[in-house]
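All remarks here apply to the structure that follows.
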Amino acid sequence: MELVRPTLQGGSRRVQGSRGGTAPHATGSLAARHHRLSPLSLHEPDQAASQTDQSGLDIQVVRTYPNKAKKLLGDELVAQPGYMFAPNGEMGIYSLLVDALDKTTRTIYLEDQYLVNTLPMAGNPPITDAIRRAIERPSFQKMIILVAGTGTVQVELLQAGTRRADFIRQLGPTAASKVSTYVYRADANSPYWLHSKLWIFDDQFAVIGSANCNRRGYSHDSELNVGIADPERRTGGKHFAHRLRMDLWLKHLNGQPAGAGNTKAGRLGDRDVLDFVAASPLWDKAPLLIKTDFTASPEPDLPLTKRIVDARFPRAARLYGVLSSRELDWSFVDPNGA
């Protein structure tokens, strides 16, 4: 994965850390090459790179803020003034992810709650556009996605099944052989609510934070993510992202269904998940996980009319009456997303 120094308005700079120290305003380096970030807002408060408890980690903090200068469907429900430090909004998280995807050469690991970013945002294509470019590179080998079950988010998103099917289709024909998606089985030992929002690129660069893979997370809601690089491999001789990916895979792949006992026999260890591609088939054997094709039989959309007429949403009912079309439905739920 090629990582290059960021270019910001006014050039690269050092910023105050969260504890008063200083750290490079960059996502880090690998073999003296640094990850290039798109220009972000330089208004206060800074998107500071902070010192960490583990020396050698380079951290870039990026944000999403809504563009409140726009007046779109749904604004009456979430009316709020714009932010002085981001008067036209900010899409730093999206920019960081697109930069990372454009430099990814071999593998991607993604954990997400929603996985529905399929429509443009303020003139920017959905994240599926950058993922498709990444997986279509001849050098690229595998993407693993772990996502919350559609049923756990459908009542909130209303169109999770349809949008997830769109998401996978937008990755193109290469996805059939290079992208595998998993959800947890319905089991007492399975997490009902997978809430993580995490990307790991080439086992070298990690992006972690609050932004879901949806339009709200990348263009509308107030979100905060960090990009983490470990150029000196101080995490047991591995990149921080590599060690993190291994630990997460061991957690997910070693899970046992209720009643299976607490035996350690057959449990996977570091050697089993060291190499991303070699370890990928283990996901198909994990007791608590199911490989899922969202395009095969997506769960049907829930009509928004059920929410509009609900007693909990009287203001929505007054403003919009009954909405039932798919695009109005989505615009209402994601008011400033495009």
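Please treat every number below as a calculation from the coordinates, not as lab data. Keep in mind the model is a prediction, meaning the values are calculated, not measured. Backbone-built Cβ (ideal geometry, glycine too); neighbour counts: all protein chains shown.
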Residues with amide H under 5 Å from that of L146, placed H, sequence gap 5 or more: L110, E111, D112, Y182
Counting sequence-distant residues (5 or more places) and residues on other chains, those with an amide H built under 5 Å from that of N212 are G217
What nm distance separates the two modelled labels at R267 and L224, each placed 7 Å from Cα along Cα→Cβ? 3.4 nm
Could you tell me how far the Cα centroid of region 202-272 sits from the Cα centroid of region 135-162, in Å? 16 Å
In the structure shown, do any of K178/K264; K103/K264; K68/K178; K103/K285; K178/K238 have a Cα-Cα gap over 29 Å, and if so which? K178/K264; K103/K264; K68/K178; K103/K285
Expected sort for V155, V98 with the fewest Cβ neighbours (10 Å cutoff) up front is V155, V98
Residues with amide H under 5 Å of N189's amide H, sequence separation 5 or more or different chain, H placed in the peptide plane at 1.01 Å from N; which? A258
Along region 286-300, what does the Karplus equation 6.51 cos²θ - 1.76 cosθ + 1.60 (θ = phi - 60°) give for ³J(HN,Hα), rounded to whole Hz, x for Gly and Pro? 5, x, 9, 10, 10, 6, 10, 10, 5, 7, 5, 8, x, 5, x
In whole Å and largest first, what semi-axes does the C-alpha gyration tensor of region 119-277 yield when each eigenvalue is scaled by 5 and square-rooted? 27, 22, 16
